[in-house]
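Reading through the structure tokens given below for one structure.
Any read-out appearing in this document is the output of simple, stated calculations on the displayed coordinates, not a laboratory observation. Because the structure is a prediction, the values reported are computed rather than measured. Methodologically, a virtual Cβ is constructed for each residue, glycine included, from the backbone with ideal geometry; neighbour enumeration extends over all protein chains shown.
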Amino acid sequence: MATNTFGRRGAVVPPPGRSFQHASFQPVAAPIAPAVVRDSARPLSSEGTLLRDNKLLADIPFLTIGLIFGLLLVFALQRALAIDIARDGSLDVRSLIAQGASGYDLVVGRGEWWRIGLAPLLHGSQWHLIGNCVALFIVGVRLESLIGRGWFSLIFVASAVAGEAGSLLGNGPAVAVGVGASGAITGLIAALFVASFEPEADADQTISRLKTSLFFGGPALLPLAFGASGNVNYYAHAGGALAGAALAITPWLAFWSYDRLPRSAGMTLLAGLARSLVCAGFAAAHYSSYMADAVQYIRASEAPATAKEMASRSLDLVTRYPKDPRAHLFRAVAYLEKASFNAAETEARTAISLASSDVAGGPVRSGAQGLMAVLLLAQGRTSEAKAMAAEPCRAKLGEVRRILQKQKLCG
């Protein structure tokens, strides 16, 4: 049986004397050991042998395609179970929470650690899903046949978990919830970057792999250097990238090699699937209580899209959803526009109080605190304003922090 080195199938055993043996598709001058000759003459007796010795089949990214179909099926189930869908196609945040989205207040605050195993399989909208699937396919086509399905599985699962850890550590309670396979995919991108430096690859292969990894990896990671903000979970990307790069570089350190790990690593995906099924069981047990709580909050399709709409609809939303901190924040904005500072302060403090006990209230709390800081500054209460601005300034929420910096409230 031909030896598989660096994840390639059908490679001939290279000559001895190298610390890390890479595949070469060209015959070598060294004599072939008798054991290798006997194995190669053995008839194909299993599907695994067939895949290893048939380069065409080995290079088809079956695992990548399977993962994409799995993510599509999960999202179809998400849509079917969603309490509401926004005008732009985004699923209601309360639906995501009920389905297993992760967040600091949910995972750390409530101890719902099972969300770490489920959130990487969920997506917030069809565009979120499509973007991830496109990246997964393009990277998977290049990486799966290069390192083997066993290593590919290991990197995907480990990067998914590391992405969740990065999200929790980096975002903290300032971000409500997070979903998506981008942490796992960024791990694969980082692994492709590392594997691009395989010495036996020709220049065209190396350049193609580097271009692919940099094309996707740059936008996924570079914003962290400039104080990343917005709806993209860059900290999950960073966690996944660190895990993917670390695993991909392991064979170069001579601990393992890509030809020996797949038997054990091939079980990683099955273990990850089993873990996700267990996590889905926990989500099902909590689903009804979270969905019952969801009716007290503004539906995604009803959420105002502009500041003007927030102000004009604030009274109706406060009346219908008195427990939703967003409704009181909208009302505070409406009072602020009318220069009714006392009424605006009352509504902002109500929003802060309600958001503090809301598992999805982190961004609302920071927004209300930022608004309160501006109100206090307008009334000449500068020291109180700076104290109120401290948390949203640390949270680094893009628009809120920019406003506070403009007012010179962020130390």
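When you count, for each residue, the other Cβ atoms within 10 Å and take the mean per peptide, how do 287-293, 384-390 rank with the highest first?
Listed from highest to lowest mean packing, they are 384-390, 287-293.
From the phi of every residue in the stretch 152-169, what ³J(HN,Hα) in whole Hz does the Karplus formula 6.51 cos²θ - 1.76 cosθ + 1.60 yield, where θ is phi - 60° and glycine or proline is x?
Karplus-based 3J(HN,Hα) across the stretch 152-169 equals 4, 4, 4, 5, 4, 5, 5, 5, 4, 5, 5, x, 5, 4, x, 5, 5, 6 Hz.
List, in order, the whole-Hz ³J(HN,Hα) value for each residue of the stretch 213-221 obtained from phi through the Karplus relation with A = 6.51, B = -1.76, C = 1.60 and θ = phi - 60°; use x for Gly and Pro.
5, 6, 4, 8, x, x, x, 6, 10
What are the ³J(HN,Hα) values, in whole Hz, obtained from phi via the Karplus relation 6.51 cos²θ - 1.76 cosθ + 1.60 with θ = phi - 60°, for each residue of the stretch 107-123 in sequence order, with x given for Gly and Pro?
Karplus-based 3J(HN,Hα) across the stretch 107-123 equals 7, 7, x, 9, x, 8, 5, 4, 5, 4, x, 10, 4, x, 8, 9, 9 Hz.
Over the stretch 304-406, how many percent of alpha carbon pairs lie in each 5 Å bin up to the one with the longest distance?
2, 15, 24, 27, 21, 9, 2, 0
Over what distance in Å are the Cα centres of the stretch 121-153 and the stretch 270-309 separated?
When both Cα centres are located, 24 Å separates them.
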